[in-house]
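Where a number appears in this text, it was derived from the coordinates with a stated rule and is not lab data. The shown structure was predicted, so the numbers you read here are calculated from the model rather than taken from an experiment. Quick reminder, even Gly has a Cβ in these numbers, built from the backbone with ideal geometry, and neighbours come from all protein chains shown.
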Amino acid sequence: PMPRGPALRTPSGGGLPRPGTGTSATYAQAKHAQLTLKDLGTARKLMIAEIDFGGECAQSALKDLVCILKQMGLHSEATTTIMAYRSAWPEDDRMQESLDNMLLDLFKHSRNLDGQIAVTGQLIAYSQKALAEGRTGWMIRTAGCKNTVSVHRRLSTLYRLRGQAQMQSGVWQEAEQSLLKALEHERLHVKEEDLSINIDRAACLIATGRLVEAQDLLLNVAATASLVIEMPHKGVGGSSVGTVRRVGLALKALIELLERFAVEVRKVADELERTVAVVNALDTDILGDEVDLVGATGTGGAAREGSTVAVSGAATTGHASVAEGHVGA
């Protein structure tokens, strides 16, 4: 037999699929066009043909087609392609989750916040289902390598992404709840809080008017980050330094906001003081008018009393005269 040549290697380290080895011939040709010939147009057509035919590699062809469209800069078409073909595997949770991960990347690229919120919700549901089934690890692919992360770490990441999308959408209360969930799962993963999540929480507190809570939270984060940096036995990575810088920027923004808030409060207080002064002046004028009115009422009463006495006296004198006249007669 003819000696078999070395397998063609893909950028991720795997071999190109070959016809007759359990792989569709159309899919093998598509991968050859994509990776060896660098002919993305031909690879795209062949991937679509494999999907439409419903071949044994249709799922892989759909994922590869999305990657090809992204390479060609057709992100919108990649999103549409996923939406159009995903209904072919409605009961396959792993396939649906894989497609949702791709959609999340596409929505991030296009800054589709509503799409990010919806997809992260679906991915959270998949992870919660896995957690309920007793799964502790989650397989992810990063830079062509497969890694395992805990389900709690996965949920923490998803809740944080959801919270950040909600923050950008201006839905601050919902964002705070998502970030609290992220912290909850982060504690279950590493038994401590993620400082970056707390910085995002502080932004939510500031946006909802809870400035004192935000200040306390940021000061706590700053103290924790400083302790991490000062530890002699622990190397300081870019993450810790970046956290300290973010805390500094957040505290500076909070101070500026508190200063503006203090100025506004002072204006309102001055306006209230002027209003109180006007009300007090009006009360004084009204009280003076009431006193004058009472005085005038008292004088009129005395005059009426005098008139009544005089009339009574005159009447008495008249009666006496009449009586005397009768006696004289």
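Taking 0.36 nm per residue of separation and subtracting the Cα-Cα distance, what length does fully extending Arg94 through Asp283 add?
Working: separation 189, 0.36 × 189 = 68.04 nm, distance 7.65 nm.
Stretched out fully, the Arg94 to Asp283 stretch lengthens by 60.4 nm.
Taking 19 Å as the cut-off, the amide N atoms of the range 75-93 that come nearer than this to a point 7 Å along the Cα-to-beta-carbon line of Asp52 belong to 77-89.
Distance check, please: which entries in Lys63/Lys181; Lys45/Lys108; Lys45/Lys129; Lys70/Lys181; Lys38/Lys129; Lys63/Lys146 exceed 28 angstrom between their Cα atoms? Mind dumping the intermediate values first?
Working: Lys63/Lys181 31 Å; Lys45/Lys108 26 Å; Lys45/Lys129 36 Å; Lys70/Lys181 32 Å; Lys38/Lys129 40 Å; Lys63/Lys146 16 Å.
Exceeds cut-off: Lys63/Lys181; Lys45/Lys129; Lys70/Lys181; Lys38/Lys129.
Taking label positions 7 Å along the Cα-Cβ direction at both Ser110 and Leu40, the computed distance is 1.7 nm, reported to one decimal.
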